[in-house]
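As structure tokens, the structure follows; a few thoughts come after it.
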Amino acid sequence: QVRLVASGGGSLQPWVSLRLACVAAGSIWCITSQGWYRQAPGKERELVATIDSDDSTANSDIASGHFTNSRDTARNAVYLHMSRLKTEDTAVYYCNAIVEPELEYPHTDNWGQGTQVTVSP
């Protein structure tokens with residue numbers, strides 16, 4: 001079983017920066033992809049950014065020039081560095097990890113509990 005613990009959310013004013021962290025723990029042989037999604041009130045969950053084990057990245061238009069996803073493989077962690085936050089960035093941010101729990105075992109799709117980010121003047 002894999003647990004994802006996200007932290008770093010909060011309430012803040014526009015144009016400041018914030019860093020979210022997500023640490024994966026449990027039965028992990030390899031994390032093939034790890035990253036962030038978000039869900040704003042009344043909207044569907046959407047991709048923010050992910051990073052794969054080969055360091056390839058997938059970034060949505062949300063992230064372009066605004067958010068950066070980085071990882072620390074030794075800690076099984078990813079960090080979402082958010083800059084110039086806007087009110088429309090208000091959402092619950094969810095960490096996601098695709099994990100191979102043991103060598104050649106089926107991959108599992110894992111979600112964290114979410115961390116709230118609220119941006120308001």
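For region 82-104, which positions are closer than 17 Å to G8 by Cβ and either of a type in the set (S, T, Y) or within 10 Å of the chain's Cα centre (by Cα) (or both)?
Matches in region 82-104: S83, T90, Y93, Y94, C95, N96, A97.
The conditions are (1) touching a residue at least 12 places away in the same chain (Cβ under 8 Å); (2) surrounded by fewer than 20 Cβ atoms within 10 Å (Cβ to Cβ), and E44 fails exactly one of them. Which is it?
(1)
Check E102 against each of (1) outside any loop (DSSP other than H, G, I, E, B); (2) open to solvent by 80 Å² or more (accessible area, probe 1.4 Å) and name the one condition it does not meet.
Of everything listed in (1) outside any loop (DSSP other than H, G, I, E, B); (2) open to solvent by 80 Å² or more (accessible area, probe 1.4 Å), E102 misses just condition (1).
Tell me which residues, restricted to region 76-91, are open to solvent by 30 Å² or more (accessible area, probe 1.4 Å), on the phi < 0 side of the Ramachandran plot and not polar (S, T, N, Q).
H81, K86, E88
Quick check on this structure: which one of Q13, Q1 is at pLDDT below 95 and open to solvent by 30 Å² or more (accessible area, probe 1.4 Å)?
Going through Q13, Q1 in turn, just one is at pLDDT below 95 and open to solvent by 30 Å² or more (accessible area, probe 1.4 Å): Q1.
With respect to I98, determine if the residue is at pLDDT below 95 and of a type in the set (A, V, I, L, M). Break it down stepwise before answering.
Details: at pLDDT below 95: no; of a type in the set (A, V, I, L, M): yes.
When the stated conditions are applied, I98 does not pass them.
The values are calculated or read from the model by the stated rules, or taken from the named source; none is laboratory data. Please read these numbers as outputs of a predicted model, since none were measured by experiment. Cβ atoms come from the backbone with ideal geometry, glycine included; neighbour counts cover every protein chain shown. Please note that ligands, DNA and RNA were not included when accessible areas were found on the heavy atoms of the full protein model with its side chains. Shrake-Rupley method; radii C 1.70, N 1.55, O 1.52, S 1.80 Å.
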